[in-house]
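Below is one structure, written out as structure tokens; comments come after it.
Every number in this text was worked out from the coordinates using simple rules, so none of it is lab data. In this text, all values refer to a predicted model and were calculated from it rather than measured experimentally. Neighbour counts are summed over all protein chains in view; Cβ atoms, including those assigned to glycine, are modelled from backbone coordinates with ideal geometry.
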Amino acid sequence: MKIGITCYPTHGGSGVVATELGMELAKRGHEVHFISYALPFRLKQFQENVVFHEVQMLAYPLFQYPPYTLALAAKLAEVADEIQLDVLHAHYAVPHAVCAYLARQVARSTKLKIVTTLHGTDITLVGADPSFRPLTRFGIEQSDGVTAVSRYLKEKTLEVFGLKNSIEVIPNFVDPTRFAPRLESSCRKEQFVKKGERLLLHISNFRASKGVPDVVRVFAAVRREVPSRLLLVGDGPERVPSREVADELGVTKWIRWLGQLDAVEEVIGCADLFVLPSRHESFGLAALEAMSAGVPVIASNAEGLPELVRNGETGYLLPVGDVEGMARRSIEILSDDKRHAAMSEAARRVAIEHYNVEKIIPMYEDFYGRVLGQPVRVPEPFTPPDALA
Ligand code: GMT
């Protein structure tokens with residue numbers, strides 16, 4: 001199949017999922033074309049069957065707000081015609097679903113089908129805002145197929161927009177060989193902690209909804225009981241507030257702000273506990289990547305998180321803002337080796353059984369096939385020429 005993918009290329013779960021999906025489809029022999037304003041950050045290396053098309057913006061003095069969405073739609077139509085795309089897959093409804101619709105109207109090709117994947121804030125925050133609501137609904141209604149990354153998000157979308165579309169739930173996925181426990185990964189724990197100390201980890205885009213200051217508060221309480229350190233990966237508006245809270249609580253010297261990191265798999269396996277106290281989280285990809293590496297998760301019970309984190313089995317879920325409860329459960333896990341090992345094993349098992357890339361990619365292929373009205377033939381995997389010699 002020839003598949004076009006448009007997504008946000010910067011750090012953020014939807015771009016990660018779109019990029020990983022495209023790379024996996026390419027490995028399986030499909031021809032994948034990414035279209036965006038910059039190279040998606042997990043797409044740094046050459047890969048067979050993958051092409052990146054950059055949306056170029058025309059600089060013109062009249063454009064106080066350069067019309068990126070129109071430039072994207074034009075590029076999508078151009079690529080659709082040139083490559084004869086079968087499917088154009090829009091990740092994050094706003095504005096990508098509408099751009100894909102425009103592209104289909106403009107393209108000469110008549111066979112193009114549009115698939116839209118909803119990720120979370122494109123519905124719950126941005127898409128549902130009165131200023132975007134009619135367009136978001138239109139983009140979803142005009143898509144030939146719509147998927148959502150959790151049951152929560154599917155129900156929320158149907159409720160917010162009063163839609164009659166069918167929405168398929170295809171959860172996010174992880175490669176358990178890449179997101180592996182410490183002993184199977186390249187992570188060196190002694191880089192982050194002294195002997196006998198535990199390592200807590202949080203990864204996000206540090207938006208207000210992630211609750212990064214709460215991560216610091218949980219850590220400060222844990223640190224009083226369990227010798228430990230905290231690693232904060234990512235950057236955004238909550239970096240400064242999280243530093244202020246750390247200073248107030250006197251725990252700054254045990255925290256490392258690593259900033260943005262492309263290859264999070266290089267640190268994730270080192271952690272003993274992953275903390276995600278989000279106010280909004282339709283899925284929680286970083287928590288899944290931690291689970292795959294055998295790291296138990298302490299999370300809020302917001303939105304889609306209860307579908308991923310099994311309370312009492314792979315970690316604990318607590319109400320949003322319940323810092324004390326999160327700290328108590330963290331201490332419980334970190335001070336009992338047997339309990340920690342059991343949760344670690346369960347976290348990895350659930351990730352492998354339910355979210356393995358090998359299981360989820362065929363769900364997308366099957367979905368594309370249904371949208372196209374024909375089963376997708378999985379091409380022969382690409383064989384490098386030197387392997388033929
Ligand atoms: O979490 C964010 O704010 C980023 C956002 C995105 O679109 O990049 O993430 C959303 O999509 C991810 C991938 O599907 C999900 O794992 C996140 O839970 C979701 N974020 C929210 O719903 C807040």
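Tabulated data for the structure shown
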quantity: Degrees, to the nearest 10: 13-27 long Cα axis against longest axis of the chain; calculated: 60 degrees
quantity: Footprinting exposure proxy for Leu200, Leu125 (fewest neighbouring C-beta atoms within 10 Å first); calculated: Leu125, Leu200
quantity: Positive-end extreme of charge dipole, the chain - chosen from Ala77, Pro296, Ile352 (charges on Cβ); calculated: Pro296
quantity: Fraction of antiparallel bridges per DSSP, the chain only, in percent to nearest 5; calculated: 0 percent
quantity: Set of aspartates and glutamates near Lys359 by C-alpha distance (under 16 Å), chain-local residues within fewer than 8 positions excluded; calculated: Glu20, Glu24, Glu168, Asp175, Glu289
quantity: For segment 323-343 versus segment 104-161, the gap between their alpha-carbon centres in whole angstrom; calculated: 39 Å
quantity: Those lysines that a straight Cα-Cα span of less than 16 Å connects to Lys210, excepting residues fewer than 8 apart in one chain; calculated: none
quantity: Amide hydrogen neighbours beyond the local backbone of Ile35, cut-off 5 Å, H modeled; calculated: Ile5, Thr6, Cys7, His53
quantity: Cα-based shape type of segment 161-248, given that a ≥ b ≥ c are square roots of the gyration tensor eigenvalues and the cut on a/c is 1.5; calculated: oblate
quantity: Spatially proximal lysines relative to Lys195 (Cα-Cα < 25 Å; intrachain offsets below 8 disregarded); calculated: Lys253, Lys338
quantity: Inverse of mean 1/r across different Cα pairs in the chain, Kirkwood, Å; calculated: 21.8 Å
quantity: Sorted largest first, extent of segment 182-353 alpha carbons per principal axis (Å); calculated: 40, 37, 32
quantity: Selected from Pro306, Leu183, Asn205, residue furthest toward positive end of dipole (segment 182-353; charges at beta carbon); calculated: Leu183
quantity: Cα-centred dipole magnitude for segment 182-353, charges only on beta-carbon of K, R (+1) and D, E (-1), debye, nearest 20; calculated: 500 debye
quantity: Relative contact order of segment 182-353, defined on C-alpha pairs under 8 angstrom at six or more residues apart (%); calculated: 23 percent
quantity: The chain - percent relative contact order, Cα under 8 Å, separation 6 or more; calculated: 15 percent
quantity: Under 5 Å, built H, 5+ apart or other chain: amide partners of Tyr316; calculated: Val297, Ile298, Ala299
quantity: Karplus-derived 3J(HN,Hα), 6.51/-1.76/1.60, for each residue of segment 117-132, Hz, glycine and proline x; calculated: 10, 8, 10, x, 5, 4, 9, 6, 10, 6, x, 7, 4, x, 5, 10
quantity: 20 Å Cα-Cα threshold exceeded, pairs from Lys75/Lys113; Lys27/Lys111; Lys75/Lys154; Lys27/Lys75; calculated: Lys27/Lys111; Lys75/Lys154; Lys27/Lys75
quantity: Under the Karplus curve 6.51 cos²θ - 1.76 cosθ + 1.60, θ = phi - 60°, whole-Hz ³J(HN,Hα) for segment 269-278, x wherever Gly or Pro sits; calculated: x, 6, 6, 9, 7, 10, 10, 9, x, 4
